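The values are calculated or read from the model by the stated rules, or taken from the named source; none is laboratory data. Computed from a predicted structure; not experimentally measured. Reconstructed Cβ throughout: ideal geometry from the backbone, glycine too, with neighbour counts over all protein chains shown. Side chains included, ligands, DNA and RNA excluded: accessible areas come from the protein's heavy atoms. Shrake-Rupley method; radii C 1.70, N 1.55, O 1.52, S 1.80 Å.
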Amino acid sequence: MTAKQTIEAGKAILGIEFGSTRIKAVLIDEDNKPIAQGSHEWENQLVDGLWTYSTEAIWYGLQDCYAELRKDVIKQYNTEIESLAAIGFSAMMHGYMAFNKEEQILVPFRTWRNTNTGKAAAKLSELFNYNIPLRWSISHLYEAILDNEEHVSDIKYLTTLAGYVHWQVTGKFVLGVGDASGMIPVDPATKTYDAEMVKKFDELIAPKGFSWKLLDILPKSLNAGENAGFLTPEGAKRLDVSGHLKAGIPVCPPEGDAGTGMAATNAVKQRTGNVSAGTSSFSMIVLEKPLSKPYEMIDMVTTPDGSLVAMVHCNNCTSDINAWVGLFKEYQQLLGIKVDMNELYGKLFNKALEGDTDCGGLMAYNYVSGEPVTGLQEGRPMFMRSANDKFNLANFMRAHLYGAIGVLKIGNDILLKEEQVKVDRITGHGGYFKTPGVGQRMLAAALNSPISVMETAGEGGAWGIALLAGYMVNNPNKLTLADYLEEVVFAGNKGTSIAPTAEDVAGFNKYIENYKQCLPVEQCAVEHKN
């Protein structure tokens, strides 16, 4: 079929993901290739000291994003979307959306970005003997209890952003297991909320006398491939205000952005992983077995089909590099030279390859904001050198490229060295890898592992959730999700791979030792530089 015939036959699949700055819709064909897209820009708001998006902004953003997709379909194919083979919704994970029995939101949506949950996260980590991050839903819930917030007694439903949108357009209060694992830990054996931790939490809050227990208010956890309901007539109208989209379309379990990133990079099989490196960065390594003990800097979540994943999340990555490239842009403009930003980035990134493997002693901290992994509550971007260091452009750029993934290396050294986690393939995606070969080589040195980059990785999470929707309806042979991605979607395409060299690994290791020794200087800058 042509793309137009696929759309008119109702065979296309829609994926929509709510990112922190953009809502994106991707329409794919039966070969899993994108054929149309739409997007909507949005920003979170600081209300009463907490980061939020209003429910009005959520629905307006969804409708505008779908309207842009519809315009793209009309422009490209001169046709309307009347029906679809499947739909999937995804969103940034974690956070807190609490509703009463009338399905009215009790307090404004509290996003993953909020850090007011320190007391709760620390107490729960101790109670569960498991690292519970500040941004997880259970931390938000327990913090509200500790703070004696009145609304807690009225909670009937507690969910994530993806779960909320899915619930409202299907009537089904469910969640994909990957997104569920960011609410409260999931047991990989049962692929649902950890029963022992649920029991401990219920016992912890029993003196409060609430009418609910934890499982009463959490969404049902579903595995990838399971049917999670159908688009209702009301849901169709909420999605497509033009009225063309018909009800009855099957919808896959709603997932978090971590899960869709794993799907989009073919990294759901055990012993695979992916690294997302842009404004922030995180790595996801799919484990063969649980870690020997909890680590404060490693979050445990799951793949969309319930395998355990070790996640290292870093608040900063490329922002400081972008600031320095902006400075070089100003210099070119001062000389009257026309600036092509792609060319400028490409030349500066490639120049880094000429630098010493240890950056000649130069040191860069990319901390625009704080970094929990290294214990910094706030950040101050900082470049350091001593008089005897080899100060040249190549080393300067290499130091910043190393610095952008320094925290990521520190977290992953725990997994790869202390825990002896085995990884066969790691896939990189995001702006750090845009200049071919450079970011790959740096990350390969940092992790001492081959790094692959795929052309399709740039399609992002909306494409990833569309793939998960396709897995639900286009899997007649009942393949596992890992096999479906490997054999159907990617068909053996592992992208271009770069292996580390011994010299690069030794150089990065020397750099990171200096990096860790100089962290008190970064802390001093936080304390003394406003």
Of all residues making up the stretch 85-101, the number that are surrounded by fewer than 23 Cβ atoms within 10 Å (Cβ to Cβ) and not aromatic (F, W, Y): 3
What are the residues in the stretch 1-51 that are small (G, A, S) and either in contact with an Asp or Glu (Cβ under 9 Å, 6 or more places away or on another chain) or under 16 Å from K71 (Cβ atoms) (or both), if any? A3, G10, A12, G19, S20, A25, A36, G38, S39
Subset of the stretch 269-278 (residues that are closer than 11 Å to H429 by Cβ and in a loop (DSSP other than H, G, I, E, B)): G278
Need pairs with beta-carbon distance below 6 Å; first residue closer than 11 Å to Y96 by Cα and within the stretch 150-163, second of a type in the set (D, E) and buried (at least 21 other Cβ atoms within 10 Å of the Cβ); sequence gap 6+ or separate chains. T160/D179
Matching residues in the stretch 142-178 - criterion: being of a type in the set (D, E) and open to solvent by 10 Å² or more (accessible area, probe 1.4 Å): D147, E149, E150, D154
Identify, by number, the condition in (1) part of a helix (DSSP H, G or I); (2) over 28 Å from N322 (Cβ atoms); (3) in contact (Cβ under 8 Å) with a residue 40 or more places away in the chain; (4) open to solvent by less than 30 Å² (accessible area, probe 1.4 Å) that A462 doesn't meet. (2)
Go through (1) in contact with a strand residue (DSSP E or B) (Cβ under 7 Å, 6 or more places away or on another chain); (2) of a type in the set (S, T, N, Q); (3) closer than 29 Å to W212 by Cβ; (4) open to solvent by 60 Å² or more (accessible area, probe 1.4 Å) one by one and return the number of the condition Q104 breaks. (1)
Of I7, I81, the only residue that is part of a loop (DSSP other than H, G, I, E, B) and open to solvent by less than 20 Å² (accessible area, probe 1.4 Å) is I81
Please pick out the residue among T357, T303 that is closer than 30 Å to A387 by Cα, at pLDDT 95 or above and of a type outside the set (A, V, I, L, M). T357
Given (1) open to solvent by 40 Å² or more (accessible area, probe 1.4 Å); (2) farther than 22 Å from G259 by Cα; (3) in contact (Cβ under 8 Å) with a residue 24 or more places away in the chain, E455 misses just (2)
With respect to K119, is the statement that it is under 18 Å from L214 (Cβ atoms) and more than 24 Å from the chain's Cα centre (by Cα) true? no
Checked pairs for the stretch 107-136, first farther than 21 Å from N315 by Cβ, second among the polar types (S, T, N, Q), C-beta under 8 Å and 6 or more apart or across chains, list as P108/T52; P108/S54; L124/S139
Does the stretch 394-407 contain at least one residue that is at pLDDT 95 or above, within 21 Å of the chain's Cα centre (by Cα), more than 19 Å from T501 (Cβ to Cβ) and aliphatic (A, V, I, L, M)? yes
Against the conditions (1) polar (S, T, N, Q); (2) open to solvent by less than 40 Å² (accessible area, probe 1.4 Å); (3) in contact (Cβ under 8 Å) with a residue 60 or more places away in the chain, where does N474 fall short? Just the number, please. (2)
Criterion violated by P133 - all others in (1) part of a helix (DSSP H, G or I); (2) open to solvent by less than 30 Å² (accessible area, probe 1.4 Å) satisfied: (1)
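Here are some residues: N392, N412, N388. Which one is out of contact with any Pro (no Cβ under 6 Å at 6 or more places or on another chain), open to solvent by less than 10 Å² (accessible area, probe 1.4 Å) and among the polar types (S, T, N, Q)?
Numbers: N392 fails: open to solvent by less than 10 Å² (accessible area, probe 1.4 Å); N388 fails: open to solvent by less than 10 Å² (accessible area, probe 1.4 Å).
When all the criteria are applied, what remains is N412.
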